[in-house]
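Please treat every number below as a calculation from the coordinates, not as lab data. Keep in mind the model is a prediction, meaning the values are calculated, not measured. A quick note on method: Cβ atoms are made from the backbone with ideal geometry, for glycine too, and the neighbour counts reach across all protein chains shown.
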There are 2 protein chains.
Amino acid sequence: MPNRLSGVLSPIVTPFTNDLAPDADRLIAQCQWLLSQNVGLAVFGTNSEANSLSIGEKIELLDRLKEAGVDTERMMPGTGCCALSDTVELTAHAVQMGCAGTLMLPPFYYKGVSDDGIYANFAEVIERVGNSDLQIYLYHIPPIAQVGFSVDLIERLITDYPDTIAGIKDSSGDWDNTHAMLERKWDDFRIFVGSESFLLTNMRNGGAGCISATANVNPAAIDHLYQHWQADDADAKQQSLNNIREAVMAYPMIPALKATVAEFSGEDAWRTVRPPLVALDRDSSGRLAESLRCQSFEMPGL
Amino acid sequence: MPNRLSGVLSPIVTPFTNDLAPDADRLIAQCQWLLSQNVGLAVFGTNSEANSLSIGEKIELLDRLKEAGVDTERMMPGTGCCALSDTVELTAHAVQMGCAGTLMLPPFYYKGVSDDGIYANFAEVIERVGNSDLQIYLYHIPPIAQVGFSVDLIERLITDYPDTIAGIKDSSGDWDNTHAMLERKWDDFRIFVGSESFLLTNMRNGGAGCISATANVNPAAIDHLYQHWQADDADAKQQSLNNIREAVMAYPMIPALKATVAEFSGEDAWRTVRPPLVALDRDSSGRLAESLRCQSFEMPGL
């Protein structure tokens, strides 16, 4: 069974070619750069435009990453789809290739579904994948998916599948929700916040780290706070992270992340997004880069 | 180019086997029964649990329907997915096999997307499918998909793709929205309401018909009102449809539709739903059937 994960992971933005095909070579290079910054690889997160990719495209990218020697023990691909059959296919592939874990959205098309229905979905996935190496990190992001996990549902899943339900990414943006989970003190259950703005608070309350959009552009500094959260200057470091985050979040998130990578790498191809997203215009991109440079922001080695 | 559609269509509930696989034989029989009631085939709608099926499962079902001789000129499969690549693959398949139209959700994972982004998605789909037979019926269902179509966006799509953008299913539940579209008087643009409760009003204002959940169980009566909306007893017929609809909608919609088909066909297999939905319990199912029988409801020939 893979070791459970902690630390900082990036939901990695997915590069596209001019004709909107996934660009595996560029993604491989980005993953290698993020690993060099000591940040783990949550490919196929919300920020990866994962739900704008087909299952076949995702499996192809996973295979290319593995062939390129990217460390699967640092990988937590998103594998939760609307359709049970899709989730099973993609999850089984990720486990078989040795991924440390999978980050799993609940099925998100139907709204107002019950805890019983979401439980049944996860039970079916676990039974059908049928692999004791499967480590599921629940992906709770109600602002986007609308469907989420109640604390009682999480406890039920952990109770029935203690070897498989490994943790959660809480992207509710609601610290009270994260805190309610931390207070249950579930055995070796890894609680990641979905924004580094909660990283220090999460660590001080027994959390496992963060999986955050901004780790695409500011990985080393976020990891530094994770490593040194007990240091005297931790609050100041947190404030510094918050300032960078706020500069990026002043623009639409995914286009802004891609524009930032393009500005600091000099690779314009990074600007491309798939519909329904729209790339950041050049003026906004320039202003964003300027506001980051004013904070002495850099992306060394990119 | 296929003729544009009007009348009553059913977003057909999808039967599953005991192991949750789609049951093509049972779906074929149900489509044939619905055609015998003069109702068109909007397979893969919301009520079909379409987003709980993979692209491969949907293509296989379409192929099986065609092989069985089900009339593709009466078919409007749902083909709008989160991923552009999936939408293109499924739509291209539906057009190539001769479907009269496709019912297309906007990409629905990312929220708060712009009209420009949704427009770009549809433009890419149309260009990539590249088939002059493509007839797109937009699927507007903001209560579930959250992402929808503004009236201005629809007009922009019609203006740029007049031979392709054929109509809309308005499942907003908001007559004012339907009326705002009807007032634009777009040339040969087919406006379907998403509930038969608006059918008479829609017909009196120049609409094309309805595509409604309840057409799974009450097809002949709904079609009768469509055919005879100018008759003296139309308002009474509308009220009668509303009563049946309200009896069904007292329970969770999709499980209730499937339970009704099971109760009136005697085929228990119809009760099965895929997670995250949960089948109606037997007590509720019996009470629902009883309330329908009290209104002299029947499903002749099922």
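Run A:Gly173 past the list (1) under 15 Å from the mean Cα position of the chain (by Cα); (2) touching a residue at least 40 places away in the same chain (Cβ under 8 Å) and report the number of the one that doesn't hold.
So the condition that A:Gly173 fails would be (2).
How about the stretch A:183-200: which of its residues are over 24 Å from A:Glu124 (Cα atoms) and surrounded by fewer than 18 Cβ atoms within 10 Å (Cβ to Cβ)? Walk me through it before giving the result.
Initial filter on the stretch A:183-200 (over 24 Å from A:Glu124 (Cα atoms)): A:183-185, A:192-200.
The answer is A:Glu183, A:Arg184, A:Lys185.
Collect the residues in the stretch A:60-71 that are within 14 Å of chain B (Cβ to nearest Cβ) and within 17 Å of the chain's Cα centre (by Cα), keeping them in residue-number order.
Residues of the stretch A:60-71 within 14 Å of chain B (Cβ to nearest Cβ): A:60-61.
A:Leu61, the sole residue that qualifies.
Quick one: is A:Gln96 more than 9 Å from chain B (Cβ to nearest Cβ) and touching a residue at least 40 places away in the same chain (Cβ under 8 Å)? If you could, list the steps in order and put the result at the bottom.
On the way: more than 9 Å from chain B (Cβ to nearest Cβ): yes; touching a residue at least 40 places away in the same chain (Cβ under 8 Å): no.
Answer is no for this residue.
Per-residue answers, yes or no, for (1) more than 18 Å from A:Asn18 (Cβ to Cβ); (2) buried (at least 19 other Cβ atoms within 10 Å of the Cβ); (3) more than 14 Å from chain B (Cβ to nearest Cβ); (4) without any contact (Cβ under 8 Å) to a residue 24 or more places away in the chain:
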site	(1), (2), (3), (4)
A:Val248	yes, yes, yes, no
A:Pro252	yes, yes, no, no
A:Glu263	yes, yes, yes, no
A:Glu267	no, no, yes, no
A:Trp270	no, yes, yes, no
A:Val273	no, yes, no, no
A:Leu277	no, yes, no, no
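For the condition closer than 20 Å to B:Ile55 by Cα, in contact with a Phe, Trp or Tyr (Cβ under 9 Å, 6 or more places away or on another chain) and aliphatic (A, V, I, L, M), what is the one hit in A:Leu103, A:Leu61?
Details: A:Leu103 fails: closer than 20 Å to B:Ile55 by Cα.
From the options A:Leu103, A:Leu61, the qualifying one is A:Leu61.
Looking at the stretch A:6-18, is at least one residue free of Cβ contacts under 8 Å to residues at least 60 places away in the same chain, surrounded by fewer than 24 Cβ atoms within 10 Å (Cβ to Cβ), part of a loop (DSSP other than H, G, I, E, B) and within 13 Å of chain B (Cβ to nearest Cβ)?
Step one: of the stretch A:6-18, the residues free of Cβ contacts under 8 Å to residues at least 60 places away in the same chain are A:14.
Still in the list and also surrounded by fewer than 24 Cβ atoms within 10 Å (Cβ to Cβ): none.
No, that holds for no residue.
Can you find even one residue in the stretch B:224-232 that is outside any helix (DSSP H, G or I), touching a strand residue (DSSP E or B) at 6+ places or on another chain (Cβ under 9 Å) and either within 14 Å of another protein chain (Cβ to nearest Cβ) or touching a residue at least 60 places away in the same chain (Cβ under 8 Å) (or both)?
Of all residues in the stretch B:224-232, those outside any helix (DSSP H, G or I) come to B:228-232.
This time we only want the ones that are touching a strand residue (DSSP E or B) at 6+ places or on another chain (Cβ under 9 Å), so: none.
Checked the stretch B:224-232: no residue is outside any helix (DSSP H, G or I), touching a strand residue (DSSP E or B) at 6+ places or on another chain (Cβ under 9 Å) and either within 14 Å of another protein chain (Cβ to nearest Cβ) or touching a residue at least 60 places away in the same chain (Cβ under 8 Å) (or both).
Would you be able to tell me the number of residues in the stretch A:216-246 that are aliphatic (A, V, I, L, M), buried (at least 19 other Cβ atoms within 10 Å of the Cβ) and more than 17 Å from A:Thr201 (Cα to Cα)?
Going through the stretch A:216-246 one residue at a time, the tally reaches 2.
Could you figure out which of (1) more than 24 Å from B:Gly209 (Cα to Cα); (2) in a helix (DSSP H, G or I); (3) touching a Ser or Thr at 6+ places or on another chain (Cβ under 6 Å) isn't true of B:Gly56?
(3)
When the residues of the stretch B:47-71 are narrowed to those that are within 18 Å of B:Leu9 (Cβ to Cβ) and touching a Pro at 6+ places or on another chain (Cβ under 6 Å), which ends up surrounded by the most Cβ atoms within 10 Å (Cβ to Cβ)?
In this case the residue turns out to be B:Ser48.
If I go through the stretch A:72-93 residue by residue, how many of them are more than 14 Å from chain B (Cβ to nearest Cβ), surrounded by fewer than 24 Cβ atoms within 10 Å (Cβ to Cβ) and of a type in the set (A, V, I, L, M)?
Within the stretch A:72-93, the subset more than 14 Å from chain B (Cβ to nearest Cβ) is A:72-77.
Of the ones still in play, those that are also surrounded by fewer than 24 Cβ atoms within 10 Å (Cβ to Cβ) are A:72-74.
Imposing the further condition that a residue be of a type in the set (A, V, I, L, M) reduces the set to none.
Of the residues in that region, 0 qualify.
Anything in the stretch A:279-302 that is loosely packed, with under 13 Cβ neighbours inside 10 Å and either touching a strand residue (DSSP E or B) at 6+ places or on another chain (Cβ under 6 Å) or of a type in the set (Gly, Ala, Ser) (or both)? List them, or say none.
A:Ser296, A:Gly301
Tally the residues that are in contact (Cβ under 8 Å) with a residue 12 or more places away in the chain and within 14 Å of another protein chain (Cβ to nearest Cβ), restricting the search to the stretch A:279-302. Give the derivation first.
Of all residues in the stretch A:279-302, those in contact (Cβ under 8 Å) with a residue 12 or more places away in the chain come to A:279-280, A:284-286, A:288-289, A:291-292, A:295, A:297-302.
Retained after the next criterion (residues that are within 14 Å of another protein chain (Cβ to nearest Cβ)): A:279-280, A:284.
Within the stretch A:279-302, residues that are in contact (Cβ under 8 Å) with a residue 12 or more places away in the chain and within 14 Å of another protein chain (Cβ to nearest Cβ) number 3.
Out of all the residues in the stretch A:19-35, which are out of contact with any helix residue (DSSP H, G or I) (no Cβ under 9 Å at 6 or more places or on another chain) and in contact (Cβ under 8 Å) with a residue 12 or more places away in the chain?
The first filter runs over the stretch A:19-35 and keeps only residues out of contact with any helix residue (DSSP H, G or I) (no Cβ under 9 Å at 6 or more places or on another chain), leaving A:19, A:29, A:32.
Listed by number, the list holds a single entry, A:Gln32.
Applying the selection to the stretch A:72-108, what residues are within 17 Å of the chain's Cα centre (by Cα) and acidic (Asp, Glu)?
Across the stretch A:72-108, the qualifying residue is only A:Glu73.
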